[in-house]
Amino acid sequence: QVQLVESGGGLVQAGGSLRLSCAASGTNFRIYAVDWYHQAPGKQRELVATITSGGSANYADSVKGRFAISRDNAKRTVYLQMNSLKPEDTAVYYCHLETGRGHFWGQGTQVTVSS
């Protein structure tokens with residue numbers, strides 16, 4: 001069974017930084033793309049960033065230049081470095097991975113940015 005466990009969320013002031021981690025187990029992690037999504041209260045879950053198996057990254061326009069996604073296949077972990085945080089980045093952040101067996105999500109980690 002694929003399991004994804006996020007960590008690293010917390011409360012930070014606007015302009016601050018956080019680094020989220022997503023640890024994967026139960027799958028051949030290195031061959032899959034991994035995504036970070038976020039969901040703010042009352043809003044739909046939105047794609048924030050994707051990293052391919054080859055390490056190429058794509059970002060939502062709202063986070064370009066501020067966030068960086070990376071992966072360490074040896075540690076089976078994907079990271080999301082979030083800099084210059086804004087109050088509108090406040091949300092629960094989820095890690096996502098799709099395999100031939102379906103879509104898998106972590107439990108989420110809360111990020112709160114105070115103004």
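Structure summary
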item	result
Region 27-84 - percent relative contact order, Cα under 8 Å, separation 6 or more	26
Rounded percent of accessible protein surface that carbon and sulfur make up, the chain, 1.4 Å probe	46
Spatially proximal lysines relative to LYS86 (Cα-Cα < 21 Å; intrachain offsets below 8 disregarded)	LYS43, LYS64
Extension gain from LYS75 to THR52, taking 0.36 nm per residue of separation minus the Cα-Cα distance	6.7 nm
Mean separation of Cα contacts under 8 Å, 6 or more apart, over the residue count of the chain: relative contact order %	36
Full-extension gain in nm, GLN3 to ALA23, via 0.36 nm per residue minus C-alpha separation	6.4 nm
Volume per residue of the C-alpha convex hull in the chain, rounded to whole Å³	93
For region 72-115, radius of gyration divided by Kirkwood radius, i.e. Rg to Rh on alpha-carbons	1.07
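The values are calculated or read from the model by the stated rules, or taken from the named source; none is laboratory data. This structure is a prediction, so every number in the text was calculated from the model and none was measured. Each accessible area value is taken on the protein alone, full model and side chains, heavy atoms only, with ligands, DNA and RNA left out. Shrake-Rupley method; radii C 1.70, N 1.55, O 1.52, S 1.80 Å.
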